[in-house]
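The values are calculated or read from the model by the stated rules, or taken from the named source; none is laboratory data. Worth saying up front: this structure is predicted, and the values here are computed from it rather than measured. Cβ coordinates were reconstructed from backbone atoms using ideal geometry, including for glycine residues, and neighbour counts include every protein chain displayed.
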Amino acid sequence: MGSGIAQVAARSGLMVALTDIKEEFVERGLSQVSSSLQRDVDKGRLTAEAKREILARIKPAASLDSLADVDFVVEAVTEDLKAKSDLLKAVARIVRPNTILASNTSSISITTLASATGRPDRFIGMHFMNPVPVMKLVEIIRGAATSDQTYETTRALAESFGKTAVEVNDAPGFVSNRVLMPMINEAIFAVYEGVASVKAIDEIMKLGMNHPMGPLQLADFIGLDVCLAIMNVLHDGFNDSKYRPCPLLKKYVSAGWLGRKTGKGFYEY
Ligand SMILES: NC(=O)c1ccc[n+]([C@@H]2O[C@H](COP(=O)([O-])OP(=O)(O)OC[C@H]3O[C@@H](n4cnc5c(N)ncnc54)[C@H](O)[C@@H]3O)[C@@H](O)[C@H]2O)c1
């Protein structure tokens, strides 16, 4: 997600600093951006020169100190409250006071993350969809203290990336994953209970509901670890058993079968 966000920002003309815990992960992100842009070059939607210019605008940042001068930060690390809070706290100490911090979290409370930063008025949820360069929506989530100015700047930024921004208030899973993830979890329960095969469930939802991908294929695409993390946030946040993650989802994550990114999930890649 981080490399996708860097790609759309650089393509809109902005200078981007891309960072991760290891330099090799930044390199991996840059090569994903390069392959994604190359597909556009091959299809005649982008010139090779424009591709080079976009890539040149993304600077690998070896440490958080490189973020001292940025105007806007989008955090897209692992879907884990502690990992995000610790990182955001560190980033807030480095960036300028008026820099806006945004999180691409899929489900974690924006109000809670904001409190880690000491600048809750300049903190917001900016939830891109996967794959970022293709999907039109950015769900923008206001925390309890997010200022109108922060919201307006973030909305304008999303629109400058060619996206459509939709505003929601802070609640577990926001709107997108509050609606999507229970459907995916229910599809996993259907596999778990032997109601139908993985392929049959996906075919029913594709042909019957006109979904471009079946829920199990989509779960593999999102990452089963991310799906489990989101179900846990919904379950804890609403304290309602209807959001309990399916035992089969937990088992796959324990086995390291995380979907497309590990080569195995409900399908093999
Ligand atoms: N996968 C999706 O479909 C999807 C869609 C929308 C939003 N999201 C959200 O985006 C975020 C990232 O998801 P992803 O699927 O890209 O996960 P991922 O596991 O593929 O990538 C996370 C990246 O964060 C890096 N990272 C972890 N801790 C870090 C730290 N302290 N400092 C710097 N980098 C760190 C990891 O090395 C890794 O490169 C999550 O919050 C997720 O919920 C995911």
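List of remarks:
- When the residues of region 82-120 are filtered to those that are surrounded by fewer than 18 Cβ atoms within 10 Å (Cβ to Cβ), within 18 Å of MET231 (Cα to Cα) and not small (Gly, Ala, Ser), the one that is nearest to the ligand (Cβ to nearest atom) is LYS82.
- Residues located in region 224-240, provided they are of a type in the set (D, E, K, R) and more than 9 Å from the ligand (Cβ to nearest atom): ASP236, ASP240
- Count of region 126-148 residues, restricted to those that are assigned to a strand (DSSP E or B) and either more than 10 Å from the ligand (Cβ to nearest atom) or hydrophobic (A, V, I, L, M, F, W, C) (or both), is 7.
- With respect to (1) of a type outside the set (D, E, K, R); (2) over 24 Å from THR150 (Cβ atoms); (3) touching a helix residue (DSSP H, G or I) at 6+ places or on another chain (Cβ under 7 Å), the lone exception for ALA90 is condition (2).
- Matching option when the condition is more than 14 Å from the ligand (Cβ to nearest atom) and crowded, with 20+ Cβ neighbours inside 10 Å, among TYR243, TYR267: TYR243
- Of all residues in region 162-170, at least one satisfies being at pLDDT 95 or above, surrounded by fewer than 22 Cβ atoms within 10 Å (Cβ to Cβ) and touching a helix residue (DSSP H, G or I) at 6+ places or on another chain (Cβ under 6 Å).
- Pick from region 158-213, criterion in a loop (DSSP other than H, G, I, E, B) and β-branched (Val, Ile, Thr), ranking: nearest to ILE230 (Cα to Cα): VAL175
- Counted residues, region 48-81 - those being outside any loop (DSSP other than H, G, I, E, B), within 10 Å of the ligand (Cβ to nearest atom) and of a type in the set (Asp, Glu): 1
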